[in-house]
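J.: Here it is: the structure, laid out below.
The values are calculated or read from the model by the stated rules, or taken from the named source; none is laboratory data. For clarity, every value in this text was computed on a predicted model and none was experimentally measured. When we count neighbours, we look across all protein chains shown, and the Cβ atoms used for this are built from the backbone with ideal geometry, even at glycine. What goes into the accessible areas is simple: the full protein's heavy atoms, side chains included, and nothing from ligands, DNA or RNA. Shrake-Rupley method; radii C 1.70, N 1.55, O 1.52, S 1.80 Å.
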Amino acid sequence: MSTETAPIAANFLRTIVEEDLKSGKHQTIVTRFPPEPNGYLHIGHAKSICINFGLARDFGGRCHLRFDDTNPVKEEMEYIESIKESVTWLGFDWGKHLYYASDYFEQLYQWAEFLIQQGKAYVEELTADEIRAHRGTLTEAGRESPWRNRPVEENLELFRRMRAGEFPDGARVLRAKIDMASPNINLRDPVLYRILHAPHPHVGDAWKIYPMYDFAHGQSDAIEGITHSICTLEFEDHKPLYEWFLDNLPVPARPRQYEFARLNLTYTVMSKRKLHELVTSRTVSGWDDPRMPTLMGIRRRGYTPEAVRAFCELIGVGRSDSWIDMSIMEECVRSDLNERAPRAMAVLRPLKVVITNYPEGQVEQFEAANHPQRPEMGSRMVSFSREIYIEEDDFMEEPPKGFFRLAPGVEVRLRYAYIVRCTGVVKDANGNVVEMHCEYDPASRGGSAADGRKIKGTIHWVSTSHCVDTEVRLFDRLFNDPNPDRGGADYRQFLNPRSVEVLPAAKLEASLAGADPESRFQFERQGYFHSDPVDSTPGKPVFNRIVTLKDTWTKK
RNA sequence: UGGGGCGUCGCCAAGCGGUAAGGCACCGGAUUUUGAUUCCGGCAUUCCCAGGUUCGAUCCCUGGCGCCCCAGCCA
């Protein structure tokens with residue numbers, strides 16, 4: 001009993017794999033992550049990556065990275081590179097198993113000829129519109145094409161001429177001969193090949209015809225010996241076709257397709273089209289904007305790969321449409337970073353404080369723990385002086401009940417330093433508080449009162465002459481509605497106008513000046529922050545807020 | 001009113017005929033020099049609805065209801 005390892009969360013896919021291994025159906029399992037290189041990966045892909053690579057990892061199998069590159073007009077090398085980088089960043093390794101559907105184009109072509117020879121495929125000369133008209137509707141059967149029963153030899157010759165580039169785009173198409181009356185529209189003589197005089201990002205201009213997804217995917221799985229071909233629910237209707245090819249072609253293996261529900265996340269959009277629009281309309285700064293649900297954006301925001309993986313594990317795998325609340329993902333970074341991020345003090349919206357009874361010119365050093373629960377993470381010294389900055393929010397002239405930060409006459413502890421009492425404020429012509437005066441208790445060095453009196457509030461601070469000035473960006477959700485896609489309304493009307501707030505002059509404790517790019521800290525009492533890898537400069541890191549700390553005070 | 005899928009706590013999600021796991025959220029309370037963390041405790045007499053089979057049904061049957069997907073020479 002006690003030797004049992006922590007149970008891996010059960011889900012139907014793991015159950016299937018477990019049974020296939022136990023029954024001996026498979027000696028080892030092989031999965032694959034098959035992105036089309038026509039865009040950047042997003043958090044929804046992360047779920048699929050974690051499922052596929054995770055299954056392989058947990059059951060001692062392997063997972064291939066295979067680019068589903070059958071449509072050269074939409075695909076680009078840049079995406080291929082970016083996808084590889086994102087998968088690696090997430091922490092997965094395909095080893096030597098990097099493949100391209102385009103690597104199988106010759107085999108696929110041979111199989112297409114095989115189908116023609118078997119009388120199971122034909123060259124179509126109807127236009128795209130005519131094909132659509134013949135396809136019928138959801139409730140009416142389709143009609144057979146006049147070209148459906150042309151002789152094998154004619155089909156073969158025409159298909160070879162298609163390959164040779166003798167026809168313009170769209171002039172002809174190769175179709176499977178299945179069943180125009182099938183209630184499953186995918187079986188109504190699906191298109192297998194189309195003519196595309198377009199260069200391919202991986203195989204160049206070797207081909208003038210390209211296979212459709214349906215004709216490429218299952219066969220690629222078979223070629224690679226994929227045992228469990230896992231995709232999202234919308235492909236379930238394609239499964240009979242997937243199996244039809246496997247049944248009618250001399251493929252070397254028999255993969256099986258399984259489907260799961262794709263990830264939906266609240267307060268964001270996931271479709272490639274909308275993500276693209278956000279970028280091109282300059283609504284966001286780019287694909288790696290820290291507000292984007294892309295893996296590049298999430299990374300730049302400061303999420304750790306561990307947090308993203310934990311999130312994918314936590315949400316589970318099922319077949320019912322699900323909407324995961326964004327707060328779940330936020331909680332995943334918090335719990336990861338709570339363990340590992342060093343703490344530091346940073347004043348985001350500074351209010352100057354003069355400690356009137358503190359000797360002018362005096363500077364003291366206080367030791368501050370890098371992590372209160374993990375002494376092995378060490379400590380650093382912070383400088384204290386007569387003039388400091390505190391957070392604007394930590395002072396209220398007329399505090400509400402239950403406020404235990406600074407207010408006139410009230411005492412508070414400056415973390416790691418002294419207990420101070422507010423003795424007055426300085427206001428500008430408009431009545432805004434521009435400076436505050438305090439007196440400190442010299443007997444409270446380190447923050448503990450000599451007489452043992454309880455101090456309810458502790459606030460963070462930074463010495464005005466020992467801090468670094470820098471930019472900090474406060475990110476929030478991109479949309480202010482849980483489902484911006486709802487009801488066909490224009491999702492852009494739900495854009496959160498305050499999804500980013502730039503604070504040009506935040507004050508960081510001096511130790512932060514040397515922060516490496518892409519390092520993460522907890523700014524005490526505020527949240528977790530990440531030094532931006534693009535905009536930081538030596539000595540002046542720029543910080544992105546990853547997520548706030550939980551806050552049971554402002555919530556009230 | 002063609003085909004496919006789904007419906008278990010606010011959000012996910014186990015469960016596979018034997019009397020409702022877990023996580024997140026939420027609500028209490030304890031500790032706390034981060035109103036954080038941590039820690040304890042609470043949180044579905046009930047599984048979309050209605051019938052039926054059974055000693056017994058969230059799990060089987062029948063009939064409803066609701067939601068999602070499919071008519072690209074996209075994937």
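J.: What does the charge count near A:ILE388 come to, summing +1 for each Lys or Arg and -1 for each Asp or Glu among other residues with Cβ under 10 Å from its Cβ?
T.: Charge balance near A:ILE388 sits at +2.
J.: Still on this structure, please answer the following. What is chain A's relative contact order, in percent, from Cα pairs under 8 angstrom and six or more apart in sequence?
T.: 11
J.: Along Cα→Cβ, 7 Å out, is where each label goes; now give me the distance between the ones at A:ARG319 and A:ASP516 in nm to one decimal.
T.: 4.7
J.: Also: Would you work out what percent of the accessible area of chain A, with all protein chains in place, is carbon or sulfur (probe 1.4 Å)?
T.: Ligands and nucleic acids excluded, carbon and sulfur reach 50 percent.
J.: Just for the Cα atoms in the range A:105-213, what are the lengths along the principal axes, largest first, rounded to whole Å?
T.: The Cα atoms of the range A:105-213 stretch 42, 28, 21 Å along their principal axes.
J.: Where Rh denotes the Kirkwood radius from the mean inverse Cα pair distance, what is Rg over Rh for chain A?
T.: Result for chain A is an Rg/Rh of 1.11.
J.: Hey, another quick one. For the pair A:ARG445 and A:GLN365, how long in nm is the line joining their label points, each one 7 Å along Cα→Cβ?
T.: 1.4
J.: Same structure, new question: Give me the base-10 log of I(q)/I(0) for the range A:386-427 at each q in 0.27 Å⁻¹, Debye formula, one uniform scatterer per Cα, rounded to two decimals.
T.: For the requested q values the scattering log ratios are -1.14.
J.: Quick check on the range A:325-440: take the gyration tensor over C-alpha atoms, sort the square-rooted eigenvalues as a ≥ b ≥ c, and tell me if it's rounded (a/c under 1.5), prolate or oblate.
T.: In terms of gyration-tensor shape, oblate.
J.: Also, quick follow-up: Quickly rank A:43-51, A:504-512 as a protection proxy: mean count of other C-beta atoms within 10 Å, highest first.
T.: Ranked by mean Cβ neighbours within 10 Å, highest first: A:43-51, A:504-512.
J.: If you don't mind, there's one more thing I want to ask. Antiparallel versus total DSSP beta bridges in the range A:408-556: what percent is that, nearest 5?
T.: 90
J.: Under 13 Å from the Cβ of A:GLN117, count the other residues' Cβ atoms, weight Lys and Arg +1, Asp and Glu -1, and hand me the total.
T.: It works out to a net charge of -1.
J.: Right, next: Name the cysteines of chain A that stand alone by the Cβ rule: no other cysteine Cβ under 4.7 angstrom.
T.: Lacking a cysteine Cβ partner under 4.7 Å: A:CYS63, A:CYS231, A:CYS332, A:CYS422, A:CYS438, A:CYS467.
J.: Is there a quick way to get the dipole size of the range A:105-213? I mean about its Cα centre, with the Cβ of Lys and Arg at +1 and of Asp and Glu at -1; what is the value in debye to the nearest 20?
T.: 140
J.: Enter the Cα centre distance for the pair the range A:45-118 and the range A:433-462, rounded to the nearest angstrom.
T.: The range A:45-118 and the range A:433-462 have Cα centres separated by 60 Å.
J.: In debye, nearest 20, what is the charge dipole magnitude of the range A:392-501 about its Cα centre with +1 on Lys and Arg Cβ and -1 on Asp and Glu Cβ, if you could check?
T.: 500
J.: What percent antiparallel are the DSSP beta bridges of chain A, to the nearest 5?
T.: In chain A, approximately 70 percent of DSSP beta bridges are antiparallel ones.
J.: Can I ask one more? Are there GluC sites (Glu not before Pro) in the range A:344-427 that DSSP marks as loop and that have at most 13 other Cβ atoms within 10 Å, and which are they?
T.: Qualifying residues, ordered by number: A:GLU360, A:GLU397.
J.: A follow-up question, please. Name all residues of the range A:442-479 having a backbone nitrogen under 18 Å from the label point set 7 Å from the Cα of A:ARG492 along its Cα→Cβ direction, giving them as ranges.
T.: Only A:478-479 pass the distance filter.
J.: Any idea how far apart A:ASP247 and A:ASP535 come out in nm if each label point goes 7 Å out from Cα toward Cβ?
T.: Each label point is offset 7 Å from its Cα along the Cβ direction, giving 5.8 nm.
J.: If you don't mind, another one. Would you mind working out the accessible area per residue for the range A:346-460, using a 1.4 Å probe, and quoting it in Å²?
T.: Ligands and nucleic acids excluded, the figure is 51 Å² per residue.
J.: So, one more: When the Kirkwood radius is taken over all Cα pairs of the range A:155-277, what Stokes-Einstein diffusion coefficient follows at 20 °C and 1.002 mPa s, in µm²/s?
T.: It diffuses with D of about 128 µm²/s by this estimate.
J.: Follow-up. Relative contact order of the range A:105-213: what whole-number percent is it, with Cα pairs under 8 angstrom and at least 6 residues apart?
T.: Relative contact order for the range A:105-213 comes out at 27 percent.
J.: Taking Cα centroids, how far is the range A:188-261 from the range A:352-431 in Å?
T.: So the two Cα centres are separated by 65 Å.
J.: Let me check against my output: what whole-number percent is the relative contact order of the range A:259-370, with C-alpha pairs under 8 Å and at least 6 apart?
T.: Across the range A:259-370, relative contact order equals 26 percent.
J.: Would you mind listing how long the range A:1-131 runs along its three principal axes, going by Cα atoms, in whole Å with the largest first?
T.: 69, 38, 29
J.: Using +1 on the beta carbon of Lys and Arg, -1 on that of Asp and Glu, and nothing else charged, what's the dipole of the range A:346-460 about the Cα centre, debye to 20?
T.: 380
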